[in-house]
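Since the structure comes first, as structure tokens, the remarks are kept for the end.
None of the figures in this text is laboratory data; all of them are computed from the coordinates on show. All of these numbers come straight from a predicted model, not from anything done at the bench. Note: ideal-geometry Cβ built from the backbone for every residue, glycine included; neighbour counts use all protein chains shown.
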Amino acid sequence: MTRTPSKPTLNWPNSLWQATADAGLNFGRLEESIETDLLIVGAGYTGLSTALHAIEHTDDVVIIDQAQPGWGCSGRNGGQVHPQWKSELQALKGMYPGDQFNAFIQTLGDAVDLVFDLINRYQVDCQAERNGSIIAGRGNTAIRYITQWSQFWAGKGKSVHLLDREKTSEVIGTSQYDLSMCDDRGGSLQPLAYSRGLARACSEQGVSIFGDTCAKNISQTATGWRVITDAGDIRCKRLVLATNGYTDGLWPGLARTIIPVASMLSATHPLPGHVASTILPGRQVAAEYAGVPAYYRIDEKNRLVFGWRGTLFGKIGGLKTAHLRAKALRLFPQISGTQWEYDWAGYVGVTPHQRPMLLKLSDNVYAGLGYNGRGVPMATMMGKQLALALNNEPTAIAIDAPRTVPLHSFYPVGVYSRIVSGHISDQFR
Ligand SMILES: Cc1cc2nc3c(=O)[nH]c(=O)nc-3n(C[C@H](O)[C@H](O)[C@H](O)COP(=O)(O)OP(=O)(O)OC[C@H]3O[C@@H](n4cnc5c(N)ncnc54)[C@H](O)[C@@H]3O)c2cc1C
């Protein structure tokens, strides 16, 4: 197979992760016709994990990405590894009736374990730490969410602690929250380094990766599928679309099954030691349960890495992060005077029903997407599930048919009303 080093067509964001991760392997563009058993479109966690699990059963796996591994959300996220899903306990029971609920609960913990197992197995150097993950909030809704979930996990024997206002203030370093829960199973990593480490592991296991290779068209053939790329084409028996928040019109209707919503992140210059020691001194990661939740952590160089919403319509827009910095300062006045060094953003794949989706699109064609901001563990787990589905083995995540989000073309209006109402409810908590 020919890999032609090519001029990248897509720029990398100016992220902390891009500035600090090792360069990683560069995968050249496909510029010929090839055949493979399994083709995966998208080299984020979903695609790379699918390949790593599928290569155990076939010698012939190819991944293509329009950029390089980790260019999408997988190299841009907050690097927070939470076992906690965002839905309220009762709502989740409604979404996963009967035995499905226990299966999903099991999957949440297994997904976090899988991330750290893969890091260990393939010796991925990505600053992985398992110091715990915190959900914090204020007001009655957050108190209910946090209390119910922490009691639930404790009842399951998991190491999850409910922290009152005083303890929360001590553990996080802000007096803004009424309550929090800390889950000792959670942790953090450098997300782009994790992506690049998975890509290296794939390569070492025999997976062929082509970068700067955009899939343009898919058609069915007598023996499988043909995918035309910008400079070549691939015939395959089995196909996985792992494009999540960056899904385009490649497979008719797939982009209409999710809502891409921008999330932005900023990172400060390294904080002085006496300030850094007041914020998350146990170096857990933290996320809010709120109408418009923020999430944050301290990195290995003592930078505050702070994430919040994009524009009110859910877009990246001009990458204006003043609102986010102001929110960080409200929570942590001790960072006053600190300079911010990096701003970046990406598109989270959101599903209206808040379920991650393993979709069967056609014979031997699957997609995995829609992790609702919990994709570090869940996209990694989805890869394992996709590999099982390709092998006709039972999956922990149920296989669904694609369903279009009603009135999808108007989603920016829906995102706007969701964000504005979230802000209003947060004001009155
Ligand atoms: C700012 C931000 C912060 C986040 N924070 C967290 C967090 O702290 N914790 C957490 O658990 N989750 C977080 N998430 C979510 C998490 O990053 C994602 O759920 C996860 O990375 C999804 O992985 P993926 O492989 O499915 O998609 P991506 O990593 O987005 O990969 C999709 C790939 O498909 C490629 N692609 C698309 N179309 C084509 C095509 N036609 N041809 C070829 N290639 C194509 C893209 O180039 C891209 O590389 C965050 C997301 C964002 C944006």
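Here are some notes:
- Value of relative contact order over the chain, rounded to a whole percent, pairs C-alpha under 8 Å and six or more apart: 23 percent
- Expressed per residue, the C-alpha convex hull volume of region 77-223 stands at 194 Å³.
- Aspartates and glutamates with Cα under 20 Å of Lys360, excluding same-chain neighbours fewer than 8 positions away: Asp37, Asp248, Glu393, Asp400
- An ellipsoid equivalent to region 234-365, defined through the eigenvalues of its Cα gyration tensor, has semi-axes of 36, 16, 14 Å when rounded to whole angstrom and sorted largest first.
- Mean residue ellipticity (222 nm) of the chain, computed from DSSP H runs ≥ 4 via -39,500 (n - 2.57), nearest 500: -9500 deg cm²/dmol
- Charge tally for Asn244 (other residues, Cβ to Cβ under 15 Å; Lys, Arg +1; Asp, Glu -1): +2.
- Radius of gyration over Kirkwood radius for region 91-145, both on Cα atoms: the Rg/Rh ratio is 1.12.
- Cα centroid separation, region 305-319 to region 252-281 (Å): 10 Å
- Glu204 sits among other residues whose Cβ lies under 13 Å from its own Cβ, and their net charge, with Lys and Arg +1 and Asp and Glu -1, is +3.
- This ranking places Asp426, Asp299 by how few other beta-carbon atoms lie within 10 Å of each, fewest first, which gives Asp426, Asp299.
- Under 18 Å of direct C-alpha separation, and excluding same-chain neighbours fewer than eight residues apart, Lys167 reaches these aspartates and glutamates: Asp178, Asp183, Asp184, Glu288.
- Region 230-276: mean projected area of Cα convex hull, nm²: 7.0 nm²
- For Asp343, Asp178, order by how many other beta-carbon atoms lie within 10 Å, fewest first: Asp178, Asp343
- What separates the Cα centres of region 85-129 and region 339-386 is a distance of 13 Å.
- Across the chain, the volume of the C-alpha convex hull divided among the residues equals 132 Å³ per residue.
- Net charge over other residues, Cβ less than 15 angstrom from the Cβ of Lys156 (K, R count +1; D, E count -1): -1
- Diffusion coefficient, µm² s⁻¹, Stokes-Einstein with Kirkwood Rh over alpha-carbon pairs of region 8-116 at 37 °C and 0.692 mPa s: 195 µm²/s
- Volume per residue of the C-alpha convex hull in region 280-429, rounded to whole Å³: 158 Å³
- Extents of region 227-311, taken as max minus min of Cα coordinates on every principal axis and listed largest first, are 58, 30, 22 Å.
- When each of Ser425, Ser188, Ser336, Ser417 is scored by the number of other beta-carbon atoms lying within 10 Å, the sequence from fewest to most is Ser336, Ser417, Ser425, Ser188.
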